[in-house]
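For reference, the structure discussed in these notes is given below.
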Amino acid sequence: MKKFFKWTGILIAGILILISGITFALQFKTYEAPYPDIKASKDPVVIARGKYLALGPAHCADCHAPENKQALVAAGQDVSLSGGRVFKFPPGELYAPNITPDAETGIGKLSDAELARALRYGVDRHNKALFPLMPFQNLSDEDLTAIISYIRSAPAEKNVVPEKKLNALGYVVNAFLIKPVAPTATPLKSVKPDTTAAYGEYLANNIANCKGCHTNRDLKTGEFTGEPFAGGLVIESVKDPLHYSLVTPNITPDPETGRMSGWTQEQFLNRFRMGKLNEHSVMAWGPFSRMQDNDLKAIYKFLQTVKPVKKNTGPVLIENKI
Ligand code: HEC
Ligand code: HEC
């Protein structure tokens, strides 16, 4: 009997060592993805479009501006994207890098194609998969060009941002579950802004990430698990992440449980003009308050066409179980 335990023990230890070995080896896994044919432009019109997208609907500043500038972000003001915000997830801590043109600490040494590949294919400068926090895979060539042109044109700022810190779960997730997210179809050359539901869908899914927060997801991998826009995703408070979390509301047009049930287009626009009302909220209300009326109208129109889902997501603010 003793012998039996000894051999099973050795076997289990062997398997554990093997799994750890594979997990370790897979940390070095690299990916191949095409380099998009995107070149930054110096045209002021293109740069202005890029600035509007980056500091408005695409809310880069919400993540890529430092923690001590977040009051400016919340007020909808211009800020530099010098990095430093930390995101705590079950797999560990992720840091939004410095994306100003500083050569040492920012993106100064990256080519336009490398930047475009990171945003479109989720593969970073070291050919590693980026964690799926950004929804820009299906941006049109024109909008991707505009955003990269704006980033290149901004002043360089030196600011060292730490590398991501993964815990034991993070190493396993990184090894087996995180894969670069690619576009769902060949991205279009250009998507013209207008007030149609189709443009609203483009904004809500690929730029403003309404879908990414208002749909339930597995927080370990970022995978979508819930019905689109039916809410229920739990995200830690930005003000007191230790004690509180928020539950994203259902924004499908369900008359009973949809948060926006009965809202007119005007009420929707007004709500966006008010900015953040719940101080714990993680929604990028500051950047969104810069959005043009036409963009908001398009999003409103699109949300009316989404499949209504009956789902009561309960109170918005909940206490964490510690
Ligand atoms: C929800 C937060 C969030 C938003 C919004 C966001 N980013 Fe990021 N970004 C991150 C994080 C976190 C990382 C690092 C991910 C990782 O390490 O796996 C990152 C990585 C990057 C990288 C990769 C840099 C490298 O080292 O290769 C670039 C480029 C980038 N972001 C640009 C942008 C731009 C441009 C925007 C707006 C159009 C934007 N990001 C919006 C959080 C965000
Ligand atoms: C980073 C995550 C995140 C993103 C991105 C996001 N939301 Fe939200 N949203 C939340 C959370 C959390 C709440 C609840 C707290 C609050 O009201 O601020 C919320 C609340 C709302 C509400 C209810 C506001 C109220 O006063 O009751 C509406 C409407 C809404 N979001 C629409 C949108 C739309 C449209 C987009 C895209 C343009 C979007 N959200 C993007 C997280 C997000």
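Checked against (1) in the same structural domain as PRO308 (by TED's automatic domain parsing); (2) within 22 Å of PHE302 (Cα to Cα), VAL191 passes all but condition (1). Consider region 256-275 and keep the residues that are of a type in the set (D, E, K, R) and away from ligand 2 (no atom under 11 Å from the Cβ). The one that is least open to solvent (accessible area, probe 1.4 Å) is ARG273. For region 307-317, what are the residues that are farther than 14 Å from HIS214 by Cβ and either within 12 Å of ligand 2 (Cβ to nearest atom) or open to solvent by less than 70 Å² (accessible area, probe 1.4 Å) (or both)? Correct list: GLY314, PRO315, LEU317. Each residue in region 92-125 was checked for being over 17 Å from the mean Cα position of the chain (by Cα) and either within 10 Å of ligand 1 (Cβ to nearest atom) or crowded, with 17+ Cβ neighbours inside 10 Å (or both), and 10 pass.
Residue count for region 237-255 under the criterion of being surrounded by 19 or more Cβ atoms within 10 Å (Cβ to Cβ) and either within 15 Å of ligand 1 (Cβ to nearest atom) or modelled with pLDDT under 95 (or both): the result is 4. Might you let me know whether region 126-140 holds any residue that is more than 10 Å from ligand 1 (Cβ to nearest atom) and crowded, with 21+ Cβ neighbours inside 10 Å? Checked region 126-140: no residue is more than 10 Å from ligand 1 (Cβ to nearest atom) and crowded, with 21+ Cβ neighbours inside 10 Å. Scanning region 3-36 for residues that are over 23 Å from the mean Cα position of the chain (by Cα) and of a type outside the set (Val, Ile, Thr) yields a count of 17.
Give the residues of region 276-306 that are open to solvent by 30 Å² or more (accessible area, probe 1.4 Å), near ligand 2 (Cβ under 9 Å from one of its atoms) and free of Cβ contacts under 8 Å to residues at least 40 places away in the same chain, sorted by residue number. Within region 276-306, LEU277, ASN278 meet the criteria. Across region 193-223, the number of residues qualifying as of a type in the set (A, V, I, L, M, F, W, C), more than 17 Å from ARG259 (Cα to Cα) and open to solvent by less than 20 Å² (accessible area, probe 1.4 Å) comes to 3.
Scanning region 141-157 for residues that are closer than 27 Å to THR221 by Cβ and either in contact with a Lys or Arg (Cβ under 7 Å, 6 or more places away or on another chain) or surrounded by fewer than 22 Cβ atoms within 10 Å (Cβ to Cβ) (or both) turns up just one, LEU144.
Inside region 37-73, residues that are more than 17 Å from the chain's Cα centre (by Cα) and assigned to a helix (DSSP H, G or I) make up a count of 13. Any residue at all in region 159-178 that is touching a Phe, Trp or Tyr at 6+ places or on another chain (Cβ under 7 Å) and modelled with pLDDT of 95 or more? Among the residues of region 159-178, at least one is touching a Phe, Trp or Tyr at 6+ places or on another chain (Cβ under 7 Å) and modelled with pLDDT of 95 or more, which makes the answer yes.
Report yes if PRO101 is within 16 Å of ligand 2 (Cβ to nearest atom) and either among the β-branched types (Val, Ile, Thr) or outside any helix (DSSP H, G or I) (or both), otherwise no. Here the answer is no, as PRO101 does not meet what is asked.
Listed here are the residues, each with its yes/no results for (1) of a type in the set (S, T, N, Q); (2) farther than 19 Å from LEU166 by Cα; (3) open to solvent by 20 Å² or more (accessible area, probe 1.4 Å).
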| residue | (1), (2), (3) |
| --- | --- |
| GLN70 | yes, yes, yes |
| VAL73 | no, yes, no |
| ARG85 | no, no, yes |
| PRO90 | no, no, yes |
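Selection of region 195-244 for residues being assigned to a helix (DSSP H, G or I) and charged (D, E, K, R) yields GLU201, LYS211.
The values are calculated or read from the model by the stated rules, or taken from the named source; none is laboratory data. None of the values given here were measured: they were computed from a predicted structure. Backbone-built Cβ (ideal geometry, glycine too); neighbour counts: all protein chains shown. The area values use the complete protein model at the heavy-atom level, side chains included, leaving out ligands, DNA and RNA. Shrake-Rupley method; radii C 1.70, N 1.55, O 1.52, S 1.80 Å.
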